[in-house]
Ligand code: ADP
């Protein structure tokens, strides 16, 4: 399949009359760790949802491994590429959401086993082994038969990560994964992300308000404002020596 690369070109997105993204150009390299910061409502979630094919751009192109996720119809509408292609692309991408999105009626183990069995057509035994391995990796090897309702928020979020990892994604998208958690549970979740980042192979895009964490693990920080990437660069530059006034103002809220 080659190495994972995502490429956005002049991507625009409107919801009705509201222009959320106004020309996004962005390349994600294999194994790159990117932090996406910016005010609430600036379009951060929309950017990563489009890569997961959960939202369609209004115009522009997004390529994954050199293949476009959309094609243009006669009436200038963008439509998803064919289902087979999208399935392949989605298979390379894992996403962890702010509100976990676990299946409440399934145990922790079954939550992880569902996608490999249904999407990848793996045998139950293979899916089970891999799920146990990933749940151990996130420190939940002793919770396999618990239901989500029996877990803390931090534990639920770690299940969500294990569930994504089971699919061996080439890129993981983290959408404010700590913002719904009680403060004392944030650390355990960041710790798992840090371990994954240190392993190195996967590319990651993190939408986050944890500036110290971004400084620590990101190769590059993007500041999204008013639908454009207003500043980008190494974390030391963007977070420690910001040039734009709007970025300075934004960061001052976190100190
Ligand atoms: P962020 O992640 O930076 O907070 P979002 O990408 O979630 O921003 O949202 C950007 C803007 O798009 C917000 O104003 C939001 O209300 C709007 N928006 C997002 N999704 C939808 C939708 N499905 N329908 C209408 N408006 C939406």
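Figures for the structure shown
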{"item": "Residue check, residue 169 in a loop (DSSP other than H, G, I, E, B), away from the ligand (no atom under 16 Å from the Cβ) and more than 21 Å from residue 51 (Cβ to Cβ)", "result": "no"}
{"item": "Filtered residues of the stretch 199-235 (kept if at pLDDT below 95, buried (at least 18 other Cβ atoms within 10 Å of the Cβ) and part of a helix (DSSP H, G or I))", "result": "211, 213, 214, 217"}
{"item": "Residue count, the stretch 186-195 (criterion: more than 14 Å from residue 160 (Cα to Cα) and crowded, with 18+ Cβ neighbours inside 10 Å)", "result": "1"}
{"item": "Residue match in the stretch 142-160 (condition: without any contact (Cβ under 8 Å) to a residue 60 or more places away in the chain, under 17 Å from the mean Cα position of the chain (by Cα) and within 28 Å of residue 30 (Cβ to Cβ))", "result": "yes"}
{"item": "Near pairs, Cβ below 9 angstrom, 6+ apart or cross-chain, from the stretch 25-48 (at positive phi and in contact (Cβ under 8 Å) with a residue 12 or more places away in the chain) to any residue that is in a loop (DSSP other than H, G, I, E, B) and more than 14 Å from the ligand (Cβ to nearest atom)", "result": "31/3; 31/4; 31/170; 31/200; 31/201; 31/202; 31/219"}
{"item": "Subset of the stretch 123-141 that is crowded, with 18+ Cβ neighbours inside 10 Å and farther than 19 Å from residue 195 by Cα - its residue that is farthest from the chain's Cα centre (by Cα)", "result": "128"}
{"item": "Residues (surrounded by fewer than 15 Cβ atoms within 10 Å (Cβ to Cβ) and within 14 Å of residue 167 (Cα to Cα)) located in the stretch 102-119", "result": "118, 119"}
{"item": "Every residue from the stretch 87-113 that is touching a helix residue (DSSP H, G or I) at 6+ places or on another chain (Cβ under 8 Å) and closer than 24 Å to residue 50 by Cβ", "result": "93, 94, 95, 96, 97, 100, 101, 102"}
{"item": "Residue match in the stretch 93-101 (condition: at positive phi, within 16 Å of the ligand (Cβ to nearest atom) and surrounded by fewer than 17 Cβ atoms within 10 Å (Cβ to Cβ))", "result": "yes"}
{"item": "Enumeration of residues in the stretch 21-58 that are surrounded by 17 or more Cβ atoms within 10 Å (Cβ to Cβ) and away from the ligand (no atom under 15 Å from the Cβ)", "result": "28, 31, 32, 33"}
{"item": "Residue count, the stretch 1-20 (criterion: within 17 Å of residue 92 (Cβ to Cβ) and within 9 Å of the ligand (Cβ to nearest atom))", "result": "0"}
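The values are calculated or read from the model by the stated rules, or taken from the named source; none is laboratory data. Everything numeric here is computed off the predicted structure, so don't read it as measured data. Every residue, glycine among them, receives a Cβ derived from its backbone with ideal geometry; neighbour counts consider all protein chains shown.
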